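These notes concern the structure reproduced below.
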Amino acid sequence: MKKTDLTNYWVIGDVHGCMFTLEKLVSKLPKESKLIFVGDLVDRGNYSKEVIEFVMQNNYRCVFGNHEYLMFNYARDAMIRGKQSMWSMSNETYGGLNTLHSYANDETALLKHIDFIEKLPKYLEIDDYIITHGFALPYYKRRDQHNFQNELYTSRLEDISLDWELDWRDYKVINVFGHTPYEEVKFGKNYIGVDTGAVFGNKLSAVNLLTKEVISQNSIEKDIQRK
């Protein structure tokens, strides 16, 4: 089977509503870059609405993250039905309150974006890469089994589990994932952790699938300052 030309493929870590940081990072990437997002576009940062709109308008590819799960489940209840949850009442745990503020009662955009979120895939495969939100390598053989779909966006490299596939360290596929923030992009034998904690004041990073080059942008204060 013909291999994909990965020259312009860049995978971007968890954005979490950091729109200005994202725009600055994208401006550093080569023109004609093909961008892929590892999920968690939303929550905690101040501009979740704008981040989703940016991804949609540019037809960028993205996988489903745990914060997309939270938004899909609770945003309509909070904004339209007046039913609150831990996600929508506080920024301390999940950061959903900032997401709701970004919509400023724009119900039309909210519903459009929820529809977009619902259709996001749990994983993307490109040649020898599998791109997920959580650390999904130990579930690779079961990636299409319904009972393990949640693990594709909630599992962490550090949380060794009894249900992990025993031989995952020998898989030839490379898992590019987010979910867990690291100080720097984390490279392993067959995995790359690309979340570098933009919303926590560190930086947003992109990794090139061909060269493994990393380009980063330090967090911009207005994305993360409390409103």
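Coordinate-derived values only; no laboratory data. If you're wondering where the values come from, they're calculated on a predicted model, not measured in any experiment. When we count neighbours, we look across all protein chains shown, and the Cβ atoms used for this are built from the backbone with ideal geometry, even at glycine.
Every condition in (1) without any contact (Cβ under 8 Å) to a residue 60 or more places away in the chain; (2) within 14 Å of E213 (Cα to Cα) is met by W10 except one, and the failing one is (1).
The single residue among K172, K186 that is under 27 Å from T93 (Cα atoms) and charged (D, E, K, R) turns out to be K186. Residue count for the range 68-93 satisfying the condition of being touching a Lys or Arg at 6+ places or on another chain (Cβ under 8 Å) and either aromatic (F, W, Y) or in contact (Cβ under 8 Å) with a residue 12 or more places away in the chain (or both): 1. Filtered by the rule that a residue be over 16 Å from the mean Cα position of the chain (by Cα) and part of a helix (DSSP H, G or I), the range 13-33 gives F20, K24, S27, K28. I160 meets the conditions (1) free of Cβ contacts under 8 Å to residues at least 24 places away in the same chain; (2) surrounded by 12 or more Cβ atoms within 10 Å (Cβ to Cβ) in every case but one. The failed one is (2). V207 meets the conditions (1) in a strand (DSSP E or B); (2) loosely packed, with under 14 Cβ neighbours inside 10 Å; (3) not basic (K, R) in every case but one. The failed one is (2). Only residues that are touching a residue at least 40 places away in the same chain (Cβ under 8 Å) and either of a type in the set (A, V, I, L, M) or within 22 Å of V176 (Cα to Cα) (or both): list them for the range 34-50, please. Selection gives L35, I36, V38, G39, D40, V42, D43.
Taking the range 135-175 as the range and being assigned to a helix (DSSP H, G or I), of a type in the set (F, W, Y) and within 14 Å of G193 (Cα to Cα) as the test, only Y153 passes. Within the range 34-66, restricting attention to residues that are of a type in the set (F, W, Y) and in a loop (DSSP other than H, G, I, E, B), the residue that is farthest from E151 (Cα to Cα) is Y47. The criterion of being out of contact with any helix residue (DSSP H, G or I) (no Cβ under 9 Å at 6 or more places or on another chain) and on the phi > 0 side of the Ramachandran plot holds for G82.
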